[in-house]
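Please treat every number below as a calculation from the coordinates, not as lab data. Everything quoted here is computed from the prediction, not taken from an experiment. Methodologically, a virtual Cβ is constructed for each residue, glycine included, from the backbone with ideal geometry; neighbour enumeration extends over all protein chains shown.
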C-alpha cells in the first residue's frame with residue numbers, strides 16, 4: 001500500500017479539454033431541458049433506470065474531466081508514501 | 001404521491017445562485033468523502049431542503065449523487081492500492097439489508113409518533129452514536145499524536161486480533177486489507193449496522209470506517225477507501241428504490257455531483273500525503289461537532305411532542321439555524337484539515353526532493 005504511486009509526467013491537457021467540453025455539453029443539455037428531465041425521472045417505475053444511467057454517464061465523463069483537471073494543475077498523488085515524513 | 005413530488009420538484013427554481021451554492025457544498029462534501037470515505041450527506045440534505053426541496057426528494061437526490069461520487073472516489077483510491085473491493089462488496093451487501101431495515105424502522109416511528117418523533121429518533125441516534133464512536137476515534141487519534149508514533153504502522157486492536165483468531169468453518173473469507181481470514185459472521189452485523197445508520201442519519205461511514213479499523217483490524221487508509229465501495233453499493237440500491245417512486249430530482253443530484261467530483265478527486269489525492277492517523281482526526285472532529293449540532297435540535301423535537309414546555313417560534317428558529325451553522329462548520333473544518341494536511345505533505349515532499357537534488361550536486 002505504501003508503494004510508489006507513480007506520476008504522469010505528460011500533462012493530459014488535450015483529454016482534459018475534450019472531457020471538459022463533453023461535460024459542459026451534458027450539463028447544458030440537462031439544464032436547458034429541466035422540465036422534460038424531471039418529467040421523465042419523476043414517472044418512477046421502469047423510468048428508475050433513467051436517473052441511474054444519467055448518473056453513471058455524468059460520473060464517467062465529468063469524473064474523467066475532474067481527474068485530469070487536478071493533474072493539469074499539478075496536484076497529483078505523492079510520489080512515494082514513505083517519503084512523506 | 002407522484003404528482004406531489006413532480007409539482008414540488010418542478011417548483012424549485014434553479015437560478016445561478018442556487019446552482020453555485022449546491023456546487024460549493026457538493027465540492028466540500030466530496031473533499032471530505034474522498035478523504036474519510038463518507039460525510040457530506042448530513043449537510044447536503046439540509047442544504048437542499050433550505051432551498052425548498054421536499055425532504056424525501058432531498059434524501060433521494062443526495063443518494064443519487066452519492067453512488068457515482070463513491071464510484072469515482074473508489075476508482076481513484078484503488079489506483080493508490082487503498083481499496084479492498086471484496087471487503088467493500090461483502091459489507092455493502094449486508095449494509096443494503098441494514099438500509100432497508102433502518103428505513104422500515106423510520107417509517108414505523110413516523111407512523112406512530114409523526115415527523116417530530118421521527119426527527120427525535122434521528123437526533124438521539126446521532127448524539128448517542130457520535131458521542132461513543134466519535135469520542136473513541138478522536139481519543140485514539142489524540143493518543144497516537146501525543147505518543148509521537150504517528151509515523152509508525154497502525155497497531156491492530158485487541159478486539160480485532162480476537163476477531164481474526166476466531167475460526168468458524170464454512171464462513172471464513174480472506175480480506176486483503178486485513179491480510180487475514182475472518183468469519184463473515186462478524187462482517188454481516190457490521191455491514192448491517194452501517195446500513196441502518198445510513199438510513200437513519202445518512203452517513204453510514206461513521207460506523208463502517210471505525211468498525212473496519214477497530215473491530216476487523218483494517219488500516220485507516222484502507223478502511224476509509226473501502227467505505228467508498230460500501231457507499232457505492234448502498235447508494236446504487238437506495239437510488240434505484242427512490243427512483244422507482246419518482247423521487248429523484250436529477251438536476252439537483254447532477255449539480256451536486258459536479259462539485260463533489262472535483263472534491264472527491266482532491267480528497268483522494270490528499271490521502272497519499274498524510275499520516276494514517278489524520279483520517280481518524282478528520283472523522284473524529286466532524287463526528288463530535290455534528291453531535292453538538294444534532295443535540296441542539298433535541299429540545300425542539302421534545303417540545304413538538306409535548307414532552308417538555310413548548311418553545312417559542314423564535315427559540316426554535318435560533319436553534320435550527322445554529323444547528324445548521326454548526327453542521328456546516330463541521331464540514332468546513334474537516335475540509336480545512338484535509339487541505340492543510342495535504343499542503344504540508346506536498347511541501348514536505350518538495351523539500352525532500354530539493355534536498356535530494358542538493359545531495360546529488362555535492363557528489
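Rounded to the nearest 10 degrees, the angle from helix B:184-201 to the longest Cα principal axis of chain B is 50 degrees.
Rg of the Cα atoms in segment B:2-362, relative to 2.2 N^0.38 Å, amounts to 1.01. Of B:165, A:64, the sequence from fewest to most neighbouring Cβ atoms within 10 angstrom is B:165, A:64.
With the Cα gyration tensor of segment B:1-160 giving a ≥ b ≥ c as the square roots of its eigenvalues, does the rule (a/c under 1.5 for rounded; else a/b larger than b/c for prolate; else oblate) give rounded, prolate or oblate?
prolate
Given axes a ≥ b ≥ c from the Cα gyration tensor, I'd like to know whether segment B:37-124 is rounded (a/c under 1.5), prolate (a/b larger than b/c) or oblate. It comes out oblate by the Cα gyration axes. Model label sites at residue B:347 and residue B:49, defined 7 Å from Cα along the beta-carbon direction, differ in position by 4.0 nm.
If a spin label sat at a point 7 angstrom from the Cα of residue A:76 along the line to its beta carbon, the backbone N atoms of segment B:229-272 nearer than 14 Å would be those of B:269.
How high is the FRET efficiency from residue B:97 to residue A:49, r the C-beta distance, R0 25 Å, rounded to 0.05?
Details: r = 23 Å, r/R0 = 0.90.
Plugging the Cβ-Cβ distance into 1/(1 + (r/R0)^6) gives 0.65.
Axis angle, to the nearest 10 degrees, between helix B:277-304 and the longest C-alpha principal axis of chain B: 10 degrees.
Give the separation of the Cα centroids, segment B:175-204 to segment A:24-45, in Å. Segment B:175-204 and segment A:24-45 have Cα centres separated by 35 Å.
From the P(r) of segment A:10-85, can you give the percent of Cα pairs sitting at distances over 13 Å? Present the calculation step by step, with values, prior to reporting the outcome.
On the way: 2073 of 2850 pairs.
Across segment A:10-85, Cα pairs with separations above 13 Å total 73 percent.
Can you give the translational diffusion coefficient of the protein assembly as shown in µm²/s, computed by Stokes-Einstein from the Kirkwood radius over Cα pairs at 10 °C and 1.306 mPa s? Working shown, then result.
Details: Rh = 22.5 Å.
It diffuses with D of about 71 µm²/s by this estimate.
By the helix-only formula, in which each DSSP H run with n ≥ 4 contributes -39500 (n - 2.57) and the sum is divided by residues, the protein assembly as shown has a 222 nm mean residue ellipticity of -25500 deg cm²/dmol. The ranking of B:249, B:140, B:84 from fewest to most other beta carbons within 10 Å of each one's beta carbon is B:140, B:84, B:249.
Applying 1/(1 + (r/R0)^6) with r as the Cβ-Cβ distance of residue B:146 and residue B:112 and R0 = 60 angstrom yields a FRET efficiency of 0.80. Could you give the angle, 0 to 90 degrees to the nearest 10, between helix B:313-362's Cα long axis and the longest principal axis of the Cα atoms of chain B? With both axes taken from Cα atoms, the answer is about 20 degrees. For B:177, B:64, the sequence from fewest to most other C-beta atoms within 10 Å is B:177, B:64. The calculated FRET efficiency for the pair residue A:11 and residue B:20, based on their C-beta separation and a Förster distance of 41 Å, comes to about 0.90.
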